[in-house]
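Here's the structure, in structure tokens; my notes come after.
The values are calculated or read from the model by the stated rules, or taken from the named source; none is laboratory data. Remember, it's a predicted structure, so these values are computed and weren't measured experimentally. To get the accessible areas, we keep the full protein, side chains included, count just its heavy atoms, and leave off ligands, DNA and RNA. Shrake-Rupley method; radii C 1.70, N 1.55, O 1.52, S 1.80 Å.
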Amino acid sequence: MWVYEKKLQYPVRVSKCDPHMAKLLAEQYGGADGELAAALRYLNQRYTIPDKIIGLLTDIGTEEFAHLEMIATMIYKLTKDASVEQLQEAGLGPNYAQRDSALFYTNSSSVPFTAAYIASKGDPIADLYEDIAAEEKARATYQWLIDLTDDVDLQDSLKFLREREIVHSLRFREAVEILKDDRETKKIF
């Protein structure tokens, strides 16, 4: 189903060690509106959506995994040279005590990921509106993360992700219109 290229979708660069920013980025790693939740939501919804839209959910769901990989890379790069003291100051002491520098699916408040984040109603239009909302929430979060750092290299990657959320929202909006048009078309059997 997938072809994996051993490179990120977009280059991730950081110009300094910043464990505090890494903690904030965890929101997009394991938070309710983060990349893991989006990928799982879209790939799950594929099974109850009309055939015309399955490919869209597959494509965007797969891309969300690429975004998850980018976020993980950012967090790794922001913390790889951090001292234990810096990790503690950033609020990452409990993670260090449990996992050293290993990533774990939590949000920025260290709340573990839960399947409750994954919305799926089974009604195609309702699900697509949920997907639009998810993309818009992710876009807003990326903007706030951009505002929270002065690292221009990191901002570049975050801006890429923010723009992809906008594209995904637009694609989901197009899908809603396709389904509405299809629903209103007379069907003769």
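Using the Karplus relation 6.51 cos²θ - 1.76 cosθ + 1.60 with θ = phi - 60°, the per-residue 3J(HN,Hα) values for segment 52-64 come to 4, 10, 3, x, 4, 5, 5, 4, 6, x, 5, 4, 4 Hz, with x marking Gly and Pro. Summarising the amide proton neighbourhood of SER120: residues at separation of 5 or more, or on other chains, whose placed amide H is nearer than 5 Å comprise an empty set.
In plain terms, the bigger the Kirkwood radius, the slower the diffusion; for the chain, with that radius from Cα pairs, at 10 °C and 1.306 mPa s, Stokes-Einstein puts D at 91 µm²/s. Counting only protein heavy atoms and a 1.4 Å probe, segment 8-59 has 40 square angstrom of accessible area per residue. Backbone geometry of segment 118-130 corresponds, through the Karplus equation with coefficients 6.51, -1.76 and 1.60 at θ = phi - 60°, to 3J(HN,Hα) couplings of 8, 8, 7, 8, x, 9, x, 6, 4, 5, 5, 5, 4 Hz, x marking Gly and Pro. Calculated mean residue ellipticity, 222 nm, the chain: -21500 deg cm²/dmol, from DSSP H runs (n ≥ 4) at -39500 (n - 2.57) each, averaged per residue and rounded to 500. Per-residue Karplus couplings for segment 138-143, computed as 6.51 cos²θ - 1.76 cosθ + 1.60 with θ equal to phi - 60°, are listed in order as 5, 4, 4, 4, 4, 4 Hz, Gly and Pro entered as x. Remark on THR106: its backbone amide H falls under 5 Å from those of GLY30, PHE113, a criterion applied only to residues 5 or more positions apart or on other chains, H modelled at 1.01 Å from N.
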